[in-house]
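Chemist: First, the structure itself, so that you have it in front of you.
The values are calculated or read from the model by the stated rules, or taken from the named source; none is laboratory data. Keep in mind that what you see is a predicted model, and the values were worked out from it rather than measured. Don't worry about glycine lacking a Cβ; one is built from the backbone with ideal geometry, like all the others, and counts go over all protein chains shown.
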Amino acid sequence: MEGVKLKELRKKKRLTQQQLADYLNVDLSSIGKWEIHNVTPGEPTLKQIANYFDVSVDYLLGVEKVSDTPQFTQEELELIELYRVAPDTWKKTAKQALALGVGEKVKQDREKETKKLEIFSSDKFKKTL
């Protein structure tokens with residue numbers, strides 16, 4: 001197995017080696033061997049790793065490239081699961097809150113950029129050059 005690929009997948013999901021070891025029910029040292037020394041786990045574990053990271057065994061073995069499918073963090077997966085089981089009224093509220101928060105952040109960023117432009121285009125700034 002190409003250890004660098006396992007490490008990249010693990011880091012994308014923001015998992016520690018210990019968390020992955022716990023999930024796979026293996027020793028922490030096994031994760032290190034796989035990532036650093038390119039040691040390949042047994043077939044059942046290799047399939048379990050591929051399923052967990054939503055990649056093929058061939059990808060882990062270096063035979064094919066990973067798809068462009070976005071990788072979600074554990075926190076994002078948990079939020080998706082909570083959203084799926086939430087009542088419709090809660091889903092609507094969550095969407096509105098996120099839209100407002102994102103909209104406010106975009107507005108604040110635009111205001112900061114406008115202020116920067118005003119400063120750099122001001123006569124006082126030009127005189128200091």
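Chemist: Being in contact with a helix residue (DSSP H, G or I) (Cβ under 9 Å, 6 or more places away or on another chain) and within 18 Å of LEU9 (Cα to Cα) is the filter; apply it to region 71-94 and report the residue that is modelled with the highest pLDDT.
Modeler: Checking each candidate, the answer is GLN74.
Chemist: Out of region 33-57, which residues are not in a helix (DSSP H, G or I) and not hydroxyl-bearing (Ser, Thr, Tyr)?
Modeler: HIS37, ASN38, VAL39, PRO41, GLY42, ASP54, VAL55
Chemist: Sticking with this one: When residues of region 47-65 are filtered for being surrounded by fewer than 16 Cβ atoms within 10 Å (Cβ to Cβ) and in contact (Cβ under 8 Å) with a residue 24 or more places away in the chain, how many remain?
Modeler: 3
Chemist: For region 120-128, indicate whether the set of residues that are at pLDDT 85 or above and not polar (S, T, N, Q) is non-empty.
Modeler: no
Chemist: Report, by residue number, each residue of region 1-38 that is surrounded by fewer than 16 Cβ atoms within 10 Å (Cβ to Cβ) and touching a Ser or Thr at 6+ places or on another chain (Cβ under 8 Å).
Modeler: Of everything in region 1-38, those that are surrounded by fewer than 16 Cβ atoms within 10 Å (Cβ to Cβ) and touching a Ser or Thr at 6+ places or on another chain (Cβ under 8 Å) turn out to be LYS12, ARG14.
Chemist: Out of the residues in region 11-60 that are closer than 15 Å to MET1 by Cβ and of a type in the set (D, E, K, R), which is farthest from the chain's Cα centre (by Cα)?
Modeler: GLU43
Chemist: Let me ask another. Specify which of the listed residues (LEU98, LEU79) is in a helix (DSSP H, G or I), surrounded by fewer than 12 Cβ atoms within 10 Å (Cβ to Cβ) and under 20 Å from the mean Cα position of the chain (by Cα).
Modeler: LEU98
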